[in-house]
Amino acid sequence: MRLYNTLSGEEQEFSPAGDRVKMYVCGVTPYAPCHLGHAMSYVFFDVLRRYLEYIGHEVEHVQNFTDIDDKIIQRAQESNTHTDDLAQTHIEEFMESMDSLNIKRAHHYPRATQEIPQILNVIDQLIQKGYAYASDGDVYFRVSRYDNYGDLSHRSVDGMIAGARVEIGTSKENPTDFALWKAAKPGEPSWDSKWGPGRPGWHIECTAMSMSYLGSTLDIHGGGQDLVFPHHENEKAQSEAYTGQSPFVRYWVHNGLLNMGDDKMSKSLGNNVSLNEALKRHGADALRIFFLSSHYRSPLTYSEEGVSGTGRAAERLANALREETGDGTGDLDPGPYKVRFLRAT
Ligand SMILES: [Zn+2]
């Protein structure tokens with residue numbers, strides 16, 4: 001099987017480094033109900049995992065929950081809830097939705113708030129190696145110290161500096177530096193650290209969690225294309241700086257995004273369709289076929305008519321199965337279909 005690797009910009013023949021495929025997929029920030037954009041990404045990685053298993057690989061799949069960040073804190077304050085309770089509610093709902101979509105569960109679902117010691121250890125090591133610095137209770141990654149910054153997203157550091165927003169009130173050495181640890185503001189949940197009470201930045205959790213479950217090199221790291229920069233660029237920099245080994249990830253795999261009109265569907269843009277509503281209206285098969293109807297790296301535009309159309313396609317498949325097996329309860333001989341499928345992969 002050939003997989004497109006965002007880092008090399010090419011399709012490469014895939015094989016795992018060891019006896020199993022180590023696959024890490026970035027998970028959701030559980031502050032609101034899951035929308036169809038997430039669902040599309042997880043359906044794609046579900047299909048990738050099922051295919052790898054089908055051709056004989058053992059896959060170990062890890063997917064995180066970013067259960068502490070600005071949006072969770074803000075939403076919890078607005079709804080007068082504890083951040084833990086808000087996250088727990090949406091994590092349970094997420095798991096139910098993924099089950100309804102017939103997505104295989106990951107083997108591990110680490111949560112940022114449950115991995116603080118590992119996160120603190122990585123930050124501490126990065127400081128000791130000169131790749132990070134503490135400043136007024138925050139800790140930042142020193143981008144200029146890491147030579148390969150920009151390789152994954154194919155951007156130049158000079159271009160990033162030119163385009164960087166001037167942030168008021170931060171104590172960064174350089175505008176491209178990014179937070180590993182954020183000092184607590186009054187009333188925010190926090191954890192103790194050498195640098196004072198605070199919480200982890202977003203990117204560092206994926207480094208700490210992927211490595212504690214899968215080791216220092218991953219075969220596949222997945223997510224939507226909107227995660228390439230800055231999230232995955234930063235993850236790569238801090239992970240390779242921490243271990244001194246490259247590559248952190250052998251195949252960076254990114255799916256195209258689901259659009260609503262001219263914009264990507266996102267919770268923060270408020271143009272999303274809730275997964276549960278769509279599941280009720282169309283069912284899991286129609287949604288899965290709709291998501292898989294375009295190439296996984298291309299954007300897909302959501303429309304009710306489009307999903308209704310794939311609903312009819314799902315019905316035709318079900319009818320064909322009934323015709324082949326009489327009453328629909330017997331087993332279809334998949335042999336000839338498998339041959340044709342494998343020829344096309
Ligand atoms: Zn991540």
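The values are calculated or read from the model by the stated rules, or taken from the named source; none is laboratory data. Just so it is clear, the model here is predicted, and its values are computed rather than measured. Methodologically, a virtual Cβ is constructed for each residue, glycine included, from the backbone with ideal geometry; neighbour enumeration extends over all protein chains shown.
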Checklist line | Residue within region 2-19 that is in contact (Cβ under 8 Å) with a residue 12 or more places away in the chain, within 19 Å of ALA106 (Cβ to Cβ) and buried (at least 22 other Cβ atoms within 10 Å of the Cβ) present | finding: no
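Per-residue answers, yes or no, for (1) in the same structural domain as TYR42 (by TED's automatic domain parsing); (2) surrounded by 10 or more Cβ atoms within 10 Å (Cβ to Cβ); (3) modelled with pLDDT under 90; (4) among the aliphatic types (A, V, I, L, M):
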residue	(1), (2), (3), (4)
THR310	no, yes, no, no
ALA314	no, yes, no, yes
LEU317	no, yes, yes, yes
ALA320	no, yes, yes, yes
GLU324	no, yes, yes, no
ASP327	no, no, yes, no
LYS338	no, yes, yes, no
LEU342	no, yes, yes, yes
Checklist line | Residue that is farthest from the chain's Cα centre (by Cα), among those in region 1-42 that are part of a strand (DSSP E or B) and among the charged types (D, E, K, R) | finding: GLU13
Note to self: Based on this model, can you work out whether ALA241 counts as within 16 Å of the ligand (Cβ to nearest atom) and surrounded by 15 or more Cβ atoms within 10 Å (Cβ to Cβ)?
What the structure shows: no
Notebook entry, point to check: If you check SER216, SER210, SER293, SER274, which single one turns out to be among the hydroxyl-bearing types (Ser, Thr, Tyr) and within 13 Å of the ligand (Cβ to nearest atom)?
Noted result: SER210
Margin query: Can you find a residue that is surrounded by fewer than 16 Cβ atoms within 10 Å (Cβ to Cβ), in contact (Cβ under 8 Å) with a residue 60 or more places away in the chain and within 21 Å of HIS108 (Cβ to Cβ) anywhere in region 195-209?
Written below: no
Margin query: Give all pairs with beta carbons closer than 7 Å in which a residue from region 247-258 that is modelled with pLDDT under 95 meets a residue that is part of a loop (DSSP other than H, G, I, E, B) and not β-branched (Val, Ile, Thr); count only pairs at least 6 apart in sequence or on separate chains.
Written below: LEU257/PRO299; LEU258/MET265; LEU258/TYR302
Margin query: Which count do you get for residues in region 219-234 that are over 12 Å from the mean Cα position of the chain (by Cα) and within 12 Å of the ligand (Cβ to nearest atom)?
Written below: 3
Notebook entry, point to check: For the subset of region 43-58 comprising residues that are of a type in the set (A, V, I, L, M, F, W, C) and over 17 Å from the mean Cα position of the chain (by Cα), which member is nearest to the ligand (Cβ to nearest atom)?
Noted result: LEU52
Next item on the list: Tell me, yes or no, whether region 273-281 has at least one residue that is modelled with pLDDT under 95, among the hydrophobic types (A, V, I, L, M, F, W, C), outside the structural domain of PRO30 (by TED's automatic domain parsing) and in a loop (DSSP other than H, G, I, E, B).
Entry: yes
Margin query: Tally up the residues in region 94-105 that are part of a helix (DSSP H, G or I), hydrophobic (A, V, I, L, M, F, W, C) and buried (at least 17 other Cβ atoms within 10 Å of the Cβ), please.
Written below: 2
Notebook entry, point to check: For region 196-207, what are the residues that are of a type in the set (D, E, K, R) and within 11 Å of the ligand (Cβ to nearest atom)?
Noted result: GLU205
Item checked: From ILE119, ILE123, ILE68, residue being surrounded by 15 or more Cβ atoms within 10 Å (Cβ to Cβ), in contact with a helix residue (DSSP H, G or I) (Cβ under 8 Å, 6 or more places away or on another chain) and assigned to a loop (DSSP other than H, G, I, E, B) -> ILE68
Margin query: I'd like to know if region 46-63 contains one or more residues that are farther than 30 Å from VAL339 by Cβ and modelled with pLDDT of 95 or more.
Written below: yes
Next item on the list: Could you please find all residues in region 75-93 being in contact with a helix residue (DSSP H, G or I) (Cβ under 8 Å, 6 or more places away or on another chain) and crowded, with 17+ Cβ neighbours inside 10 Å?
Entry: ARG75, ALA76, THR83, LEU86, ALA87
Check: Within the group VAL28, VAL43, VAL62, which residue is buried (at least 17 other Cβ atoms within 10 Å of the Cβ), out of contact with any Leu (no Cβ under 9 Å at 6 or more places or on another chain) and assigned by TED's automatic domain parsing to the domain that holds TRP181?
Finding: VAL28
Next item on the list: Report whether or not SER171 is touching a residue at least 12 places away in the same chain (Cβ under 8 Å), out of contact with any helix residue (DSSP H, G or I) (no Cβ under 7 Å at 6 or more places or on another chain) and in a loop (DSSP other than H, G, I, E, B).
Entry: yes
